[in-house]
Amino acid sequence: MLALLCGLGVGLARGGTLGALARIDVSRPWLLAAAVLVLAIGRLVPALHSPAWIAAAVVTALFASANNRLPGLGLLVTGLISNAAVITANGGQMPVSRWGADHAGVPISDILTSAFHTPAGDGTVLRLLSDIIPLPLPWTPAVVSVGDVAIAAALGLFGTLAPVRAWRTLQARRHARAVQSPAQGNLGDGSPDGFGDADEDDGLDGPAGHLPSVRTGTMTARRSRTEGDS
């Protein structure tokens, strides 16, 4: 969450807005909610720790395939798969490097009593993917994995890029609406900028909008005058 908040701060500083971010069309958002839910269940039930990571990786991959234009999803799936692999390969627990724990300031007793972590040893599988990176934060020291870094990077990337891209897309749509619908701006609902909300349907069937009906009426009037003169 800290990575996401930091990313959002950078994105807003670059000109993005939360309003534009909220207008992003996300396909199947319930898949992402399901991934968060199963991870929460895995934290509550230690026996489901490994299956929860596997399920979260699969569900998030499905979400990413349906929303591949959103930034950071590839990294998010990679991080989840990495953590799921090492946890599953080590009996449902994440191995923690003793060297990393010493440098981060994490007491070894916390690892020994944890239901989700175990000290890394000679029998550790996929050791490079386990918790080996010390993070000596003053408030909560921790040891993180390569997968954790990928997940944090994904959230930060999303927060940095998504608000800016959403704002630029919104502005481009508004500009296109103003250029393509001059007649609606003059004869429409009286809005000062000539267009309404960028995502609302303006009822136009093509670039000319309602102009074909106006031209038809003009041609009919001219034909009536010609017949009257004859």
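The values are calculated or read from the model by the stated rules, or taken from the named source; none is laboratory data. On a predicted model such as this, the values are computed, not experimentally measured, just so you know. Neighbour counts run over all protein chains shown; Cβ positions are idealised from the backbone, glycine included. Ligands, DNA and RNA are excluded from the accessible area calculation, which covers all protein heavy atoms including side chains. Shrake-Rupley method; radii C 1.70, N 1.55, O 1.52, S 1.80 Å.
Confirm whether residue 14 is in contact with an Asp or Glu (Cβ under 7 Å, 6 or more places away or on another chain) and either without any contact (Cβ under 8 Å) to a residue 12 or more places away in the chain or surrounded by fewer than 19 Cβ atoms within 10 Å (Cβ to Cβ) (or both).
Spelling it out, it is not the case that residue 14 is in contact with an Asp or Glu (Cβ under 7 Å, 6 or more places away or on another chain) and either without any contact (Cβ under 8 Å) to a residue 12 or more places away in the chain or surrounded by fewer than 19 Cβ atoms within 10 Å (Cβ to Cβ) (or both).
Being open to solvent by less than 30 Å² (accessible area, probe 1.4 Å), over 15 Å from residue 147 (Cβ atoms) and out of contact with any Lys or Arg (no Cβ under 6 Å at 6 or more places or on another chain): is that true of residue 48 here?
Judged against the criteria, residue 48 is not a match.
When residue 82 is evaluated against the numbered criteria (1) open to solvent by 50 Å² or more (accessible area, probe 1.4 Å); (2) within 19 Å of residue 55 (Cα to Cα), which criterion, by number, is the only one it fails?
(1)
Starting from residues that are without any contact (Cβ under 8 Å) to a residue 12 or more places away in the chain and assigned to a loop (DSSP other than H, G, I, E, B), keep the ones in segment 92-113 and report whichever is farthest from residue 144 (Cα to Cα).
Per the criteria, the residue is 113.
Regarding segment 57-71, can at least one residue be identified that is in contact (Cβ under 8 Å) with a residue 60 or more places away in the chain, surrounded by 16 or more Cβ atoms within 10 Å (Cβ to Cβ) and hydrophobic (A, V, I, L, M, F, W, C)?
yes
Condition first: open to solvent by 70 Å² or more (accessible area, probe 1.4 Å) and hydrophobic (A, V, I, L, M, F, W, C). Now tell me which residues in segment 17-31 satisfy that.
18, 22, 30
Please specify each residue of segment 5-17 satisfying the condition of being in a helix (DSSP H, G or I) and either closer than 19 Å to residue 172 by Cβ or more than 14 Å from the chain's Cα centre (by Cα) (or both).
6, 9, 10, 11, 12, 13
Between a residue in segment 118-143 that is in contact (Cβ under 8 Å) with a residue 60 or more places away in the chain and any residue that is part of a strand (DSSP E or B) and open to solvent by 70 Å² or more (accessible area, probe 1.4 Å), which pairs come within a Cβ distance under 7 Å, given they are 6 or more apart or on different chains?
none
Return the residue satisfying two criteria in turn: it lies in segment 125-136 and is open to solvent by 30 Å² or more (accessible area, probe 1.4 Å) and part of a loop (DSSP other than H, G, I, E, B), and of such residues it is farthest from residue 47 (Cα to Cα).
Per the stated criteria, the residue is 136.
Would you say residue 164 is within 13 Å of residue 83 (Cβ to Cβ) and open to solvent by less than 70 Å² (accessible area, probe 1.4 Å)?
Spelling it out, it is not the case that residue 164 is within 13 Å of residue 83 (Cβ to Cβ) and open to solvent by less than 70 Å² (accessible area, probe 1.4 Å).
Can you say whether residue 40 is out of contact with any helix residue (DSSP H, G or I) (no Cβ under 7 Å at 6 or more places or on another chain) and either over 18 Å from residue 152 (Cβ atoms) or loosely packed, with under 13 Cβ neighbours inside 10 Å (or both), as far as the supplied structure shows?
It is true that residue 40 is out of contact with any helix residue (DSSP H, G or I) (no Cβ under 7 Å at 6 or more places or on another chain) and either over 18 Å from residue 152 (Cβ atoms) or loosely packed, with under 13 Cβ neighbours inside 10 Å (or both).
Every residue, every condition in (1) farther than 30 Å from residue 16 by Cα; (2) open to solvent by 60 Å² or more (accessible area, probe 1.4 Å); (3) at pLDDT below 95, yes or no:
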| position | (1), (2), (3) |
| --- | --- |
| 123 | yes, yes, yes |
| 152 | no, no, no |
| 189 | no, yes, yes |
| 202 | no, no, yes |
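What pairs come out if I take residues in segment 158-172 that are assigned to a helix (DSSP H, G or I) and pair them with residues that are open to solvent by 60 Å² or more (accessible area, probe 1.4 Å) whose C-beta lies under 6 Å away, six or more apart or interchain?
Between residues of segment 158-172 that are assigned to a helix (DSSP H, G or I) and residues that are open to solvent by 60 Å² or more (accessible area, probe 1.4 Å), the close pairs are 160/10; 164/14.
For the condition modelled with pLDDT of 95 or more, closer than 24 Å to residue 26 by Cβ and among the aliphatic types (A, V, I, L, M), what is the one hit in 54, 87?
54
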